[in-house]
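Participant: This is the structure I want to talk about, given as structure tokens.
All of the numbers you see were taken from the coordinates with simple rules; none came from a lab. Not measured: the values here are computed from a predicted model.
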Amino acid sequence: MSGIATARRLRTAMTDAERRLWSRLRNRQLAGAKFRRQFPIGPFVADFACPECRLIVEADGGQHADSIADTRRAAWLAEHGWRVLRFWNTDILTRTDDVLATILAAIVQSDQ
């Protein structure tokens, strides 16, 4: 399955945490940054990406704990100029404002 087809499928099957985060990232609500959801980058699909900031935001469930695949993925993305922020789904759902503050700080840092 191509990256675009995978991204389209994932957009229709978002988790509660992804929906919560997307509701706060979409339409340039956070510092005017344009985020895309389920955005193909090379061989991967990022949960959320801001291409102008080269920033990726990932919403992770328990299956991502100590994931070697995630480590390799993050290394590949970093080699290609992307910064990756990872948040646990429970943090997104229970501490949304803290998560958004961390994302905002990364956006501001990328502008400098």
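Participant: Using the Karplus curve 6.51 cos²θ - 1.76 cosθ + 1.60 with θ = phi - 60°, what ³J(HN,Hα) values do you get for each residue of region 28-36, in whole Hz, with x for Gly and Pro?
Facilitator: For region 28-36, the Karplus-derived couplings read 6, 6, 10, 6, x, 6, 8, 9, 10 Hz, x marking Gly and Pro.
Participant: Still on this structure, I have one more. With θ taken as phi - 60° and the coefficients 6.51, -1.76 and 1.60, list the Karplus ³J(HN,Hα) couplings across region 18-25 in order, rounded to whole Hz; mark glycine and proline as x.
Facilitator: My calculation for region 18-25 gives 5, 4, 4, 5, 4, 5, 9, 9 Hz in order.
Participant: Using amide H atoms built in the peptide plane, which far-off residues or other-chain residues are under 5 Å from residue 86 H to H?
Facilitator: For residue 86, the qualifying residues are 58.
Participant: While we're looking at this one, here's another question. Quick one: which residues, 5+ away or cross-chain, put their amide H under 5 Å from the amide H of residue 41? H built at 1.01 Å from N.
Facilitator: The answer is 46.
Participant: Report ³J(HN,Hα) in whole Hz for each residue of region 44-49, in order, from the Karplus equation J = 6.51 cos²θ - 1.76 cosθ + 1.60 where θ = phi - 60°; Gly and Pro get x.
Facilitator: Coupling constants for region 44-49: 10, 10, 7, 4, 9, 9 Hz.
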